[in-house]
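Here's the structure, in structure tokens; my notes come after.
Nothing in this text is a laboratory measurement; each read-out follows from the coordinates by a stated rule. Being a predicted model, the structure only gives us computed values, none of them experimental. Because the Cβ atoms are built from the backbone with ideal geometry, glycine has one as well, and the counts that use them run over all protein chains shown.
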Amino acid sequence: MRDARGDIRQLPGLRLWLSGGWLLLLVLAAIFAPMLSPHDPLEQDLFAARLPPFWEQGADPAYLLGTDSLGRDLLSRMLYGARLALTVALVAGTLTCLVGATLGLIAGYYRGWADLVISRLVDIWMAFPPVLFAILLIAVLGTGLTSIIIAIVVIDWTRFSRVVRAEAMSQGAMDYVASAQVAGRSRLGIALAEILPNVLPTIVALLTLEMGIAVIVEAILSFVNLSISTDEPTWGGMIAEGRTSIYQAWWVLVFPLFALFLTVLSFSQLGEGLKEYFDPVLR
Amino acid sequence: MSYLSIQDLSVRLRNGLPLLRKVSLDVKAGEVRALVGESGAGKSMIGKAVLGILPRAVRLTGGKILLDGEDLLALPPKTRRQRIGAKAALIPQDPLTALNPSRRIGPQITDRLVDILGWKRPEAEARALELLEEVHIQSPGRVMKSYPHELSGGMRQRILIASAFAAEPKLIIADEPTTALDVTVQKQILKLIREMQERHQTALLFVTHDLGVVSKISQSLSVLYAGKVIEDTDVRAFFDAPRHAYSKALLAATPKYTDPDGSLMPVPDNIIAAVEREVAAFDAQMNE
């Protein structure tokens, strides 16, 4: 009498492989940046300024992706920039997720006054324009990695709260929660053992999405020069520099932009793929 | 001696609208009592009040619920939860939402044994296997390791029945357990519940709107209208000669296989009006 539904198994899919592949590559690049970089990312060489990437005429094979207007090697700068991008993505993404998901679960399952307080807070929070809010926060906290991470957590926890709350509410109305209650489970036990596992696929999808957003926020802050010290290579900083010389050297802008684009896309696709993979019903 | 005794139970919405109006009913040990009424009459609400799972928007405003002689509402919440967990169980309406989709079947059955009764895991698992066999599930070992979505609706309802009987409760509340299933499965499930109830000598409060089911499964019944018990009788007397005009009309409204050409008989408007007046008079009397 076993249902045929149980025998259907799907492969994780191309999407998961491609996005996971790019991110893995990026992680390796970040870890081994000092070994992989052909040049010091800070070393300037004004005689080698604005060299084009290797397939263009006048390229120097020593500078694979060319150089910027100060003669710094783009490839090396991007490899080092990946370090910051990934650190922010992982740390800020995870912290945001923890804070937001916990509050969302409390609001969605316990309801009552806790829900009232958290939901109103979320409403007020979301009325702030996020980028301005971030700039304001950095202005107060000062620049630096910790400030960026704090700013992202403070701005973006609402995203998790909203979604997790809605999901926890709909799960809380299911009969299996009533059954667990009749079976004498405590409220905390139900929240953790019954509701959380069913909200987890959504949380994972949101988490990876948030990592992508964290990368963007960091790039925006670097772009307006509010991230970490200006010497440090960051993708956002490179894009800002590239903007000024876009007519003479398009590559300075395009390569970091492309890396940013691929990374954010990969994070969101990874989330979708993982959600399918984790969800027992979709699986 | 009644195992479950509900006395003057009143439940209201938070805005004051009455949902249950001084409901009293008894379920004797080992007895099957049906609770019938149309949609919105408050049938399920009674079961939920007994099991302590009333929705948030609803408040218990008066009355007593005696389970095995003990007033549940007088107990502190934690003790009450444990008492209910040990002595009563629920067979829910919709088998598709009544099992946690992200947990395997096995632990979902054994949870209560381990948590409330303090059994050891292996013991509880052996018992769960036994129960699954009892509800006629083939290869119970495999089912224990399955996720709910891998099983059909009928299978899931069997599992829920097994799970309800797991801790040997002396009261089971079945909230329209066959409504979400198709007709062929309904019949098997009904038979199974009956069979399990007889074997375990459990008191059963069977909530339904199907009078045909009532005659097959229960010994006594309460008819509910607008949260008020309007008739409380044993099944034979009810089907022979219902006392209340509304009950008569309800019985006449049941389609008959013996008379397939006869048109359906809705409950006449004048009878609805009469019951409504009765309920209103009762409310007026309460408010004095």
Which members of segment A:68-90 meet the condition of being of a type in the set (Val, Ile, Thr) and under 9 Å from the mean Cα position of the chain (by Cα)?
A:Val88
Which condition number in (1) farther than 30 Å from A:Leu137 by Cα; (2) surrounded by fewer than 20 Cβ atoms within 10 Å (Cβ to Cβ); (3) hydrophobic (A, V, I, L, M, F, W, C); (4) away from chain B (no Cβ under 12 Å) is the one that A:Val224 fails?
(1)
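Within segment A:89-107, does at least one residue satisfy the condition of being over 17 Å from A:Leu206 (Cβ atoms) and not small (Gly, Ala, Ser)?
Taking segment A:89-107 first, the residues over 17 Å from A:Leu206 (Cβ atoms) are none.
No, every residue in segment A:89-107 fails to be over 17 Å from A:Leu206 (Cβ atoms) and not small (Gly, Ala, Ser).
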Of (1) over 16 Å from B:Gly16 (Cα atoms); (2) over 13 Å from the mean Cα position of the chain (by Cα); (3) hydroxyl-bearing (Ser, Thr, Tyr), B:Ser44 satisfies every one except (2)
Condition check for B:Arg142: among the basic types (Lys, Arg), crowded, with 17+ Cβ neighbours inside 10 Å and either facing chain A (nearest Cβ under 10 Å) or under 30 Å from A:Leu192 (Cα atoms) (or both)
no
Determine which single condition B:Gln157 fails, assuming it passes every other condition in (1) part of a helix (DSSP H, G or I); (2) within 11 Å of chain A (Cβ to nearest Cβ); (3) in contact with a Pro (Cβ under 8 Å, 6 or more places away or on another chain); (4) not basic (Lys, Arg).
(2)
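Could you check how many residues of segment A:239-283 are of a type in the set (Gly, Ala, Ser), closer than 15 Å to A:Gly212 by Cα and out of contact with any Phe, Trp or Tyr (no Cβ under 8 Å at 6 or more places or on another chain)?
Step one: list which residues in segment A:239-283 are of a type in the set (Gly, Ala, Ser), which gives A:240, A:242, A:245, A:249, A:259, A:266, A:268, A:271, A:273.
Narrowing further to those that are closer than 15 Å to A:Gly212 by Cα: A:259, A:266, A:268, A:271, A:273.
Now restrict to residues that are out of contact with any Phe, Trp or Tyr (no Cβ under 8 Å at 6 or more places or on another chain): A:268, A:271, A:273.
Residues in segment A:239-283 being of a type in the set (Gly, Ala, Ser), closer than 15 Å to A:Gly212 by Cα and out of contact with any Phe, Trp or Tyr (no Cβ under 8 Å at 6 or more places or on another chain): 3 in total.
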With the structure loaded, tell me whether B:Ala203 is in contact with a Gly (Cβ under 7 Å, 6 or more places away or on another chain) and farther than 15 Å from B:Lys43 by Cβ or whether it fails that test.
yes
Failed condition for B:Arg80, given (1) closer than 17 Å to B:Leu160 by Cβ; (2) of a type outside the set (A, V, I, L, M, F, W, C); (3) at the interface with chain A (Cβ under 10 Å from one of its Cβ atoms)
(1)
Single residue of A:Ala183, A:Ala139 found to be surrounded by 22 or more Cβ atoms within 10 Å (Cβ to Cβ), more than 17 Å from A:Tyr110 (Cα to Cα) and not aromatic (Phe, Trp, Tyr)
A:Ala183
From the option list B:Leu221, B:Leu171, single residue qualifying as in contact (Cβ under 8 Å) with a residue 12 or more places away in the chain, within 14 Å of another protein chain (Cβ to nearest Cβ) and of a type outside the set (S, T, N, Q) is B:Leu171
Looking at segment B:38-55, I want the residues that are more than 9 Å from chain A (Cβ to nearest Cβ) and have a partner that is assigned to a helix (DSSP H, G or I) and of a type in the set (D, E, K, R) with Cβ atoms under 8 Å, at least 6 apart or on another chain. Which pairs are those?
B:Leu54/B:Lys48
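Okay, residues lined up against (1) of a type in the set (Ser, Thr, Tyr); (2) closer than 25 Å to A:Ala168 by Cβ; (3) in contact (Cβ under 8 Å) with a residue 24 or more places away in the chain; (4) more than 7 Å from chain A (Cβ to nearest Cβ):
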position: B:Leu73; (1), (2), (3), (4): no, no, no, yes
position: B:Lys87; (1), (2), (3), (4): no, no, yes, yes
position: B:Ile91; (1), (2), (3), (4): no, no, yes, yes
position: B:Ile105; (1), (2), (3), (4): no, yes, yes, yes
position: B:Gln108; (1), (2), (3), (4): no, yes, yes, yes
position: B:Asp111; (1), (2), (3), (4): no, yes, no, no
position: B:Ile116; (1), (2), (3), (4): no, yes, yes, no
